[in-house]
Amino acid sequence: MDLRGRSYLKDGDFSADEVGWLLDLAVELRAEKRAGRARRRLVGKNVALLFEKTSTRTRSAFEVGAANQGAHTVYMGPGETQFGVKESTKDTARVLGRMFDGIEFRGFRQRYADELATHSGVPVWNGLTDQWHPTQSLADLLTMRDHVARPLVDVSVCFLGDGANNTCASLVTTGALVGLDVRVAAPPQRRPAPEVWAAAKSLAAASGGSLTVTDDPLQAVSGADFLYTDVWVSLGEPEELWDERIDLLMPYQVTAALLGATGNPGVRLLHCLPAFHDNETEIGRRIAEKRGLRAMEVTDEVFESPASVVFDQAENRLHTIEALMVATLGG
């Protein structure tokens, strides 16, 4: 499989076979690292990390993955470059493309990632935009493979809560691409965008996968192998929206009772993190003071239970991103 020179800007950019090959490569790289026999495939490569939004997992995965492979990274955080302020995306792309072998972008508008790829002449990887989170869905698939001893075409995952966000869009699209049974339990106001759903339906028809959307969480989780949720509120949003969002999504909170409603004793919890499962965060404390809630999208009981594989999922961001860089930079 030859992905050299390819960008990964959104879910669906790679075929199902290419995604499967990337996951196999990630497993190989992970095994090499754990056995202490890693090969450095990207010596002499330089990678730009262009961040409009702060990050824990994405930045760590790109920096550590590049270092594992012998590449050098330069982190450019929010406000640290002329990007979008004194210099256009097109001009930034042409500068970075002359100096770096690959560019990671984590920011707001999808068109910025697209323009970087169009004008830089080097692979560009989308670390997150408001519309897509494609490197997350690669880690999601690898985590599912790790925890269910069946092909992905025989696996079911249910996303609960804010189905309109980028994580759900990526899960739905990549899940449909590889043939998963993907369910979304969300209120009508917070479902995947019509164009995302339509494209995913076409992918599912080709792969043999299935897509379901409902406002009934009990119906959605029945028989599921994985329950997936994500945060409901963000520091990037006006706080006046928080009460409305919480009221709307509280019926979709992942609780022990909802795990039990799957009827599957082996069901696992997925979450892309960070998670508001307790009051040990700034936002968690604000919500607790205002509304008396101990958790939002997932209870602490479930988050800390044996069903939770969220930290395996977080680690897999490293292995899948490392595989993505190796494959596209030609290591």
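Here are the numbers for the structure shown:
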read-out	value
Cβ-defined net charge surrounding S207, 14 Å radius [Lys, Arg +1; Asp, Glu -1]	-4
Centroid-to-centroid separation of the range 126-161 and the range 180-257 [C-alpha atoms, Å]	14 Å
Value of relative contact order over the range 175-277, rounded to a whole percent, pairs C-alpha under 8 Å and six or more apart	30 percent
Those trypsin sites (Lys or Arg not before Pro) in the range 168-230 that DSSP places in a loop and that have at most 10 other beta carbons within 10 Å	none
Nonlocal amide H pairs with W125, under 5 Å, H built at 1.01 Å	Y8, I103, E104, F105
14 Å beta-carbon shell around V85, net charge (K/R +1, D/E -1)	-3
Prolate/oblate/rounded call for the range 199-311, Cα gyration tensor, a/c under 1.5 rounded	prolate
For the range 206-221, Karplus couplings with θ = phi - 60° (6.51, -1.76, 1.60), whole Hz, Gly/Pro x	7, 8, x, x, 9, 10, 9, 10, 8, 9, 9, x, 5, 5, 5, 8
Cβ-based net charge around A113, under 10 Å, with every Lys or Arg adding one and every Asp or Glu removing one	+1
Packing-based order for 214-223, 122-131, 172-181, 7-16, using average beta carbon neighbours within 10 Å, highest first	172-181, 122-131, 7-16, 214-223
log₁₀ of I(q)/I(0) at q = 0.08 Å⁻¹ - the chain, Debye sum with one point per alpha carbon	-0.36
Amide hydrogen neighbours beyond the local backbone of R268, cut-off 5 Å, H modeled	F226, L227
Additional length obtainable on full extension of the chain from E304 to M99, 0.36 nm per residue less Cα span	69.4 nm
Highest to lowest packing among 245-257, 96-108, 55-67, scored as the average C-beta count within 10 Å	96-108, 55-67, 245-257
For the range 268-328 versus the range 1-56, the gap between their alpha-carbon centres in whole angstrom	23 Å
Mean Cα-pair separation over length for the chain, i.e. relative contact order, pairs under 8 Å, 6 or more apart, %	20 percent
R294-A67 pseudo-label distance in nm [points 7 Å out on the Cα-to-Cβ vector]	3.8 nm
Inter-label distance, nm, simple model (7 Å from Cα along the C-beta direction), K53/D2	3.5 nm
Residues of type lysines that K53 reaches as a straight line, Cα spacing below 20 Å, ignoring anything fewer than 8 places off in the same chain	K10, K86, K90
FRET efficiency, 1/(1 + (r/R0)^6) with R0 41 Å, evaluated for D247 and E32 via beta carbons	0.25
Extended-chain gain in nm, criterion 0.36 nm per residue less alpha-carbon gap, H147 and E282	45.4 nm
Largest-first ellipsoid semi-axes for the range 61-101, taking √(5λ) over the Cα gyration tensor eigenvalues, angstrom	23, 13, 6
Estimated FRET transfer efficiency when R0 is 41 angstrom, pair S202-F311 (beta carbons, to 0.05)	0.75
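Rule-based calculations on the coordinates, nothing more; no lab input. None of the values given here were measured: they were computed from a predicted structure. All Cβ positions, even for glycine, are placed from backbone atoms using ideal geometry, and neighbour counts span all protein chains on display.
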